[in-house]
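Working notes, structure below.
The values are calculated or read from the model by the stated rules, or taken from the named source; none is laboratory data. Quick caveat, the model's predicted, so the values are computed rather than measured. Note that each Cβ is placed from the backbone with ideal geometry, even for glycine, and that neighbours are counted across all protein chains shown. These area figures cover heavy atoms from the full protein model, side chains too; ligands, DNA and RNA do not enter into them. Shrake-Rupley method; radii C 1.70, N 1.55, O 1.52, S 1.80 Å.
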Amino acid sequence: MPISFLTAVIAFLITGLGVGFASGLLGVGGCFIMTPVQFWVYTGMGMDPHVAILIAFGTNLFVVVPTAASGAYGHTKKGSVWWKAAIVLGLTGAVGAVIGATIAAHLPAKILTFAFGLAILSGGVRMLTAKPPKIEEKTKDSSWLWAAWGIPIGIVTGMIGIGGGVLMIPIMVLALKFKMHQAVGTSTALMIFTSIGGLAGYTYNGLVAGVYGAYPVGHLIGYMNPESWLALAVTSVPMAQVGVKVAHKLPAKELKYVFIAVMISMGLKMTGVFSWLGLPI
């Protein structure tokens, strides 16, 4: 059944609520929510799946910019953002994201959607099975180490159109020994930078490919849809503050398991496991 423009707007407004809450609560961009919804809407409007997934990725990253800024502001007031780490990880991640977006522009849609789901699923499983850090282990304070992680993670996040928090948080907790609340807060801040880098890559590559002007889904500027962005951002930005408040009321252990559950669920959906099992989710 074809999807109307009004249906798309309503779907995006509702999705924005979940995106904002997830961003503030878990320190992620919410792209694991936005990607499936946008892909469903764009293909339902008759768009080619390859172009649809790239537009979903590019628009995701544009939504992440104000949503992450909103979440970072709330977490900064709570004292859980390590800005030195956020800036180093964010800037190096932004460089990687531009590279990743360029790579994605030349890959088939099926590979991109599967890679998106697999990356999220792997991060969730890794956090679930990893041993908790020892009490005496200190958070690693090394700009060079952060940069070494930031660039490759940026490339991956650029390829799969996410802000990076869903992959960066497991690394911050397991490899860099961040405390969970600090990892969530710092993640929201670094995503401001990585999402701008990825957005630049998708916009530029879309313009080079000749994707601009009026389409059934609205107007496009490269692989980015301003109308979708507005509908998603108008609800996600204020909702991020609600997520921040809830995050700081949850103990670190419970917050970690909420994060893992969301990651595994969306990873299974995007890799096609739920469809293969015949589940209507």
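Give me the dipole magnitude in Debye, nearest 20, for the chain about the Cα centre, with unit charges on the beta carbon: positive for Lys and Arg, negative for Asp and Glu. Could the numbers behind the result be given before it?
Working: 16 positive and 6 negative charges, 194 e Å.
So the dipole magnitude of the chain works out to roughly 940 debye.
If Lys and Arg each add +1 and Asp and Glu each add -1, what is the summed charge of the other residues whose beta carbon sits under 15 Å from the beta carbon of Thr113? Intermediate results must be reported in sequence, preceding the final value.
Values: positive: Lys110, Lys269; negative: Asp48.
That works out to +1.
What is the pair-distance distribution P(r) of segment 1-122, computed from all Cα-Cα distances in 10 Å bins starting at 0, with each bin given as a whole percent?
Percent of pairs per bin, in order: 12, 39, 35, 13, 2.
Once ligands and nucleic acids are excluded and a 1.4 Å probe is used, how much of Tyr204 is accessible, expressed in Å² to the nearest 10?
Probe radius 1.4 Å; accessible area of Tyr204 about 150 Å².
Which entries of Lys140/Lys245; Lys77/Lys140; Lys78/Lys269; Lys110/Lys140; Lys78/Lys140 show an alpha-carbon separation above 29 angstrom in the structure shown?
Values: Lys140/Lys245 27 Å; Lys77/Lys140 23 Å; Lys78/Lys269 34 Å; Lys110/Lys140 37 Å; Lys78/Lys140 21 Å.
The answer is Lys78/Lys269; Lys110/Lys140.
Using a 1.4 angstrom probe on heavy atoms only, work out the carbon and sulfur share of the accessible area of the chain in %.
Summing carbon and sulfur atoms, their accessible area is 74 percent of the total for the chain.
How large is the Kirkwood hydrodynamic radius of segment 132-209, counting all unique pairs of alpha carbons, in Å?
Values: mean 1/r = 0.0748 Å⁻¹.
The answer is 13.4 Å.
Which of Ile120, Ile111, Ile192 moves the most in a Gaussian network model of the chain with Cα springs under 10 Å?
Ile111
With Cβ to Cβ distances under 11 Å as the rule, what net charge do the other residues near Met172 carry (K, R +1; D, E -1)? Can you show the working numbers first?
Details: positive: Lys140, Lys177, Lys179; negative: none.
That sum, taken over residues with Cβ under 11 Å, equals +3.
From the square roots a ≥ b ≥ c of the eigenvalues of the alpha-carbon gyration tensor of segment 76-127, which class results: rounded (a/c under 1.5), prolate (a/b over b/c), or oblate? Don't skip to the answer; put the middle values down first.
Values: a/c = 3.59, a/b = 1.58, b/c = 2.26.
Oblate, because a/c is 1.5 or more while a/b does not exceed b/c.
Please report Rg (one decimal) and Dmax (integer) in Å for the Cα set of the chain.
17.4, 57
For segment 38-105 and segment 179-204, what is the separation of their Cα centres, given in Å?
7
Give me, ordered by chain and number, the residues 5 or more places off Tyr215 or on other chains with an amide H under 5 Å from its own placed amide H.
Placed amide hydrogens put Leu220 under 5 Å from Tyr215.
Accessible area per residue for segment 39-84 in Å², computed with a 1.4 Å probe and the full protein assembly in place, what is it? The partial results should precede the final answer.
Numbers: 1630 Å² over 46 residues.
Per residue, segment 39-84 has 35 Å² of solvent-accessible surface.
Search the structure for amide H atoms under 5 Å from the amide H of Trp82, placed 1.01 Å from N in the peptide plane, and list their residues when 5 or more places away or on another chain.
It is Thr186, by chain and number.
For the chain, modelled as a Gaussian network with Cα springs under 10 Å, which listed residue fluctuates most, Ile14, Ile196, Ile221?
Ile14
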